[in-house]
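Engineer: Would you mind keeping the following structure in view while I ask a few things?
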Amino acid sequence: MCPKVSGFTFIRNALLYDYPVVEAITSILPVCDYFLVAVGKSDDDTLALVRSIGDARIHILETEWDDSLREGGRVLAEETNKAFDAIPPEYDWCFYIQADECVHEVDLPAIRAGMERWLDDPDTDGLLLQYRHFYGSYDYVGVGRRWYRREVRIIRNDKRIRSYRDAQGFRIGDDARKLRVRLLDAHMHHYGWVRHPAAQQRKQLNFNRLWHSDEKVQAKVGNAEVFRYNGTEPLERYAGTHPAVMLPRIQAVNWQFEGNPEQMRWSWKDRLSRFVEKHTGWRPGEYKNYMLRR
């Protein structure tokens, strides 16, 4: 049976903070029959940007963010839930993507196959994607322990499912049970840490306000006009290709990333964890906001 699939996401101030939201949406449109975008009231032309995609499958829900929900980035989960709740009931799977993520077109067949395979499995609440986190440049990926390896991005159209904490994952029911999920042989490319240093600094100021008071944001982010991609982040050179929808953005890069993976300072914990992960596939002490089914 071929499942009916709806994509969903949320966005605000995409142009101001240089979010590749058009690329994010269009990267998964080929496997979607419907797409719900919650567009928050913005200080730029984000609404026109989303409308410019011009695909009949895209439906826009205009929202207004409650910026008082600073504790734990809760407003991000609230906006995710608004988009999810607006998806009509006839769709089986709901494919969630954030505005700085993209799926490579080579992974779409595996994603479609997974949705078909586990459509009628009552022990599967969602599907898990693997992650590549790019940092400072489209040539490097972060490999330290702060980067999550996997996350739930496809869920059943069950409105008992709720976005969890700061919208990184999902839980289900009144007891907030972790979702039972299957791991797909597919990757999400996360570009949240790849943008011009000036745009990255604006984004850091805005993003940290979703968690902290203005005083804490000032102390944490500072007054610099640009973000400094420094040499403290464990990185590895990326040898693969990027989603086709991202190539125009990659070709238009207008900043120089000065990082050198060979000179990055790795903590002993990162070194040990990376060694074990490379040789066994297991990351010691990894936080998992899901229950993985084999």
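Engineer: Could you list all residues from the stretch 172-192 that are in a strand (DSSP E or B), in contact with a Phe, Trp or Tyr (Cβ under 9 Å, 6 or more places away or on another chain) and surrounded by fewer than 21 Cβ atoms within 10 Å (Cβ to Cβ)?
Structural biologist: Lys178, Arg180, Arg182, His187, Gly192
Engineer: Condition check: within 18 Å of the chain's Cα centre (by Cα) and either at positive phi or not β-branched (Val, Ile, Thr) (or both). Does Glu101 satisfy that?
Structural biologist: Here the answer is yes, as Glu101 does meet what is asked.
Engineer: Checking the condition of a type in the set (A, V, I, L, M) and modelled with pLDDT of 90 or more, which residue from Leu210, Leu247 passes?
Structural biologist: Criteria check complete, one pass: Leu247.
Engineer: Are there any pairs, at least 6 apart or on different chains, whose C-beta atoms fall under 8 Å, with the first in the stretch 118-136 and under 21 Å from Asp100 (Cα atoms) and the second modelled with pLDDT under 95 and among the acidic types (Asp, Glu), and if so, which?
Structural biologist: Tyr135/Glu233; Gly136/Glu233
Engineer: Can you go through Arg150, Arg156 and tell me which one is within 14 Å of the chain's Cα centre (by Cα) and closer than 22 Å to Ala113 by Cα?
Structural biologist: Just one listed residue meets the conditions, Arg150.
Engineer: Which members of the stretch 250-294 meet the condition of being basic (Lys, Arg), surrounded by 10 or more Cβ atoms within 10 Å (Cβ to Cβ), assigned to a loop (DSSP other than H, G, I, E, B) and more than 23 Å from the chain's Cα centre (by Cα)?
Structural biologist: Correct list: Arg265 only.
One line per residue, one yes/no per condition, for (1) under 19 Å from Ile28 (Cβ atoms); (2) of a type in the set (Ser, Thr, Tyr):
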| position | (1), (2) |
| --- | --- |
| Gly136 | no, no |
| Ala176 | no, no |
| Ala198 | no, no |
| Ala224 | no, no |
| Tyr229 | no, yes |
| Ala244 | yes, no |
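Engineer: Here is a further query. What are the residues in the stretch 171-211 that are closer than 30 Å to Thr241 by Cβ and among the basic types (Lys, Arg), if any?
Structural biologist: Those that are closer than 30 Å to Thr241 by Cβ and among the basic types (Lys, Arg): Arg182, Arg195, Arg202, Lys203.
Engineer: To continue, here is another question. Just the residues that are of a type outside the set (A, V, I, L, M, F, W, C), surrounded by 13 or more Cβ atoms within 10 Å (Cβ to Cβ) and modelled with pLDDT of 75 or more, please, taken from the stretch 217-235.
Structural biologist: Selection gives Tyr229, Glu233, Pro234.
Engineer: Please state which one of Trp255, Trp268 is free of Cβ contacts under 8 Å to residues at least 40 places away in the same chain and either of a type outside the set (Val, Ile, Thr) or in contact with a Ser or Thr (Cβ under 9 Å, 6 or more places away or on another chain) (or both).
Structural biologist: The match here is Trp268.
Engineer: Which one is surrounded by the most Cβ atoms within 10 Å (Cβ to Cβ), of the residues in the stretch 139-166 that are among the hydrophobic types (A, V, I, L, M, F, W, C) and more than 14 Å from Lys288 (Cα to Cα)?
Structural biologist: Applying the filter and picking the extreme gives Ile154.
Engineer: Which of the following residues is among the charged types (D, E, K, R) and closer than 19 Å to Val141 by Cβ: Arg202, Arg249?
Structural biologist: Criteria check complete, one pass: Arg249.
Engineer: Assess whether Ala224 counts as being among the small types (Gly, Ala, Ser), within 30 Å of Asp67 (Cα to Cα) and in a loop (DSSP other than H, G, I, E, B).
Structural biologist: In short, yes.
Engineer: In addition: For a quick check of your reading: which helices (runs of 4 or more DSSP H) sit entirely within the stretch 1-98 and have at least 3 residues that are buried (at least 20 other Cβ atoms within 10 Å of the Cβ) and touching a strand residue (DSSP E or B) at 6+ places or on another chain (Cβ under 8 Å)?
Structural biologist: By residue number, 21-28, 74-85.
The values are calculated or read from the model by the stated rules, or taken from the named source; none is laboratory data. The structure displayed is predicted, hence computed values, not measured ones. All Cβ positions, glycine included, derive from the backbone under ideal geometry; neighbour counts span all protein chains shown.
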